[in-house]
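J.: Before we start, here is the structure in question, set down as structure tokens.
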Amino acid sequence: VTGPDYTIADMAIYPWIAVHEMQKINLAEFPNIQRWFKSVGDRPATKRAYEIGGKYKLDPAEATEEEKKMFYHQSAETVRKQKI
């Protein structure tokens, strides 16, 4: 977030940065990205999204049939029908 605006770019990039620890990237080495990551992560909508998504397993080997339907082989039509 470079100013008061929150854009689709912020929404698209945040999940890539959210896994920085798993990729052994130290955000302290990138202070501007660290600041941006914190500002997006502190947004109430971001917190809610991660609370909702946190209950699902991302590993297909561990996913339930419901989770597989949620995450894999989706189209715009199947997403519209989801009850979240």
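The values are calculated or read from the model by the stated rules, or taken from the named source; none is laboratory data. Just so you know, these numbers come straight off a predicted model, no measurement behind them. Counting neighbours? That spans all protein chains shown, and the Cβs are built from the backbone with ideal geometry, glycine included. The area values use the complete protein model at the heavy-atom level, side chains included, leaving out ligands, DNA and RNA. Shrake-Rupley method; radii C 1.70, N 1.55, O 1.52, S 1.80 Å.
J.: How many lysine pairs are close in the chain, with Cα atoms under 18 Å apart and the two 8 or more places apart or on different chains?
T.: Number of lysine pairs found: 14.
J.: About its Cα centre, how strong a charge dipole does the chain have in debye, to the nearest 20, once Lys and Arg get +1 and Asp and Glu get -1 at the Cβ? Walk me through the numbers on the way to the answer.
T.: Values: 13 positive and 12 negative charges, 49 e Å.
Here the size comes out at about 240 debye.
J.: Right, here's the next one. Can you give the accessible area of Val79, probe radius 1.4 Å, in Å² rounded to 10?
T.: For Val79, the solvent-accessible surface is approximately 80 Å².
J.: Give me the percent of accessible area attributable to carbon and sulfur for the chain, probe 1.4 angstrom.
T.: It is 60 percent, rounded to a whole number.
J.: Further, regarding this structure: Work out which trypsin sites (Lys or Arg not before Pro) in the chain are exposed loop sites (DSSP not H, G, I, E or B, at most 10 other Cβ within 10 Å) and give the longest gap free of them.
T.: After excluding every exposed loop site, the longest remaining stretch is 25-54.
J.: Still on this model: Tell me, what is the percent relative contact order of the chain, built from C-alpha pairs under 8 Å that lie six or more residues apart?
T.: Once divided by the residue count of the chain, the mean separation gives 19 percent.
J.: Follow-up question, since we're still on this one. What's the percent breakdown of Cα-Cα distances in the range 28-75 across 10 Å bins, shortest bin first?
T.: Binned Cα distances yield the sequence 23, 32, 29, 16, 0.
J.: In Å and from the alpha-carbon atoms only, list the Rg and Dmax of the chain.
T.: 15.3, 42
J.: Another question, if that's okay. Anyone know which of Ala61, Ala18, Ala45 comes out most mobile in the 10 Å Cα GNM of the chain?
T.: Looking only at Ala61, Ala18, Ala45, the biggest GNM fluctuation is shown by Ala61.
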